[in-house]
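Notes for the one structure printed next.
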Amino acid sequence: MCSSDLKNDTTNALISRLGVYGNLPFTIDEITNIDGIDLSNLVYSITQGRDKARLTKNAEERKLMNTWNTLAVTSSNISLLDKLSGAKNDATAELNRVFEYVVEKHPEFQSHVTTDLFWTLNENYGTAGQVYAAWLAQNVDKVKRMMETLRLRIESDAEMRGEERFWAAIVTTAILGGLIAQSLGIIKFPVAAAQTWASGVIRNMRKEKVDLAGDS
């Protein structure tokens, strides 16, 4: 997994790193202070799966070297949907590529608990990734069928529209990954309930997108 800190990495550097990590998960810690246009460029780059085209000194297009096929997870103290909407007159395309939800404060995650958890996660690499990746490699066709079945179910439950295909892809990938991890004994909590939660988030984002478009 690639982890970055936007305070120290430029947007172009993050995009280049996407190409290096390819299909591995990509996380960016604390994206609150990113400029709205930089955020727009980052959103497009992540979801397009390739670096921007460049020309040689002879005005010929260079062969694209950096490509990726992954999801990116970020944290922020403000709404990225609000920031994207404020940066452009019409940010609908970007809004359709961001799946945003609020993480509420939990009474148990206070003081020494969060500190201990941080160091536990930082020092515990484990071997779950190897088990998970091996299963995926041995069941590619099965995973594709499972992905399609789950995607159709999610699109139906959330009454999704064509322009919301990125939301469908994000939710499907996350939930299916969790279900597979659960079946392998890697995680110990029920995953299926997340589908109902995700459908509610999608409906809320759809309403917010309409409200933001009306404010533009």
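When the Gaussian network model of the chain links Cα atoms closer than 10 Å, the mean-square fluctuations of Leu184, Leu80, Leu176 top out at Leu184.
Among Ser79, Ser16, the sequence by solvent-accessible area, most first, with a 1.4 Å probe is Ser16, Ser79.
Specify which labelled value, from (i) 27, 23, 22; (ii) 25, 21, 16; (iii) 41, 21, 12, agrees with semi-axes √(5λ) of the Cα gyration tensor in Å derived from the coordinates of the model shown. Working out semi-axes √(5λ) of the Cα gyration tensor in Å from the coordinates points to (i).
Please report the accessible area of Met147 (heavy atoms, 1.4 Å probe, ligands and nucleic acids excluded) in Å², nearest 10. Near enough 60 Å² of accessible area. The trypsin sites (Lys or Arg not before Pro) of the stretch 79-131 meeting both criteria, a DSSP state outside H, G, I, E and B (loop) and at most 15 other C-beta atoms within 10 angstrom of the site's C-beta, are Lys88, Lys105. Extension gain, Leu24-Thr114: 0.36 nm per intervening residue step, less the Cα-Cα distance, totals 29.8 nm. Result for the chain in a Gaussian network model with C-alpha springs under 10 Å: among Phe189, Phe26, Phe118, the largest mean-square fluctuation is at Phe118. Per residue, the average separation of C-alpha pairs within less than 8 Å and at least 6 apart gives the stretch 114-216 a relative contact order of 24 percent. Its Cα gyration tensor gives the stretch 90-216 an equivalent ellipsoid, and the semi-axes of that ellipsoid, as √(5λ) in whole Å with the largest first, are 29, 24, 13.
Rolling a 1.4 Å probe over the protein chains gives His112 an accessible area of about 120 Å².
Split the accessible area of the chain by element, probe 1.4 Å, and carbon with sulfur accounts for 53%.
Taking Arg206, Arg161, Arg50 as the candidate residues, the one with maximal mean-square fluctuation in a Gaussian network model of the chain, Cα springs under 10 Å, is Arg161. How much FRET efficiency would the formula 1/(1 + (r/R0)^6) give for Glu163 and Asn124, where r is the Cβ-Cβ distance and R0 is 30 Å, rounded to 0.05? With a Förster radius of 30 Å, E is 0.15.
Taking every DSSP beta bridge that has both ends in the chain, the antiparallel portion is near 20%. Entry note, the chain: relative contact order of 18 percent, from Cα contacts under 8 Å with a spacing of 6+ residues.
Hey, with R₀ at 35 Å, roughly what FRET efficiency would Ser156 and Asn89 work out to, going by the Cβ-Cβ distance, to 0.05? Show your work: numbers first, answer last.
Details: r = 33 Å, r/R0 = 0.95.
FRET efficiency, Ser156 to Asn89: 0.60.
The values are calculated or read from the model by the stated rules, or taken from the named source; none is laboratory data. Please read these numbers as outputs of a predicted model, since none were measured by experiment. Counting neighbours? That spans all protein chains shown, and the Cβs are built from the backbone with ideal geometry, glycine included. Accessible surface areas use protein heavy atoms only, side chains included; no ligands, DNA or RNA. Shrake-Rupley method; radii C 1.70, N 1.55, O 1.52, S 1.80 Å.
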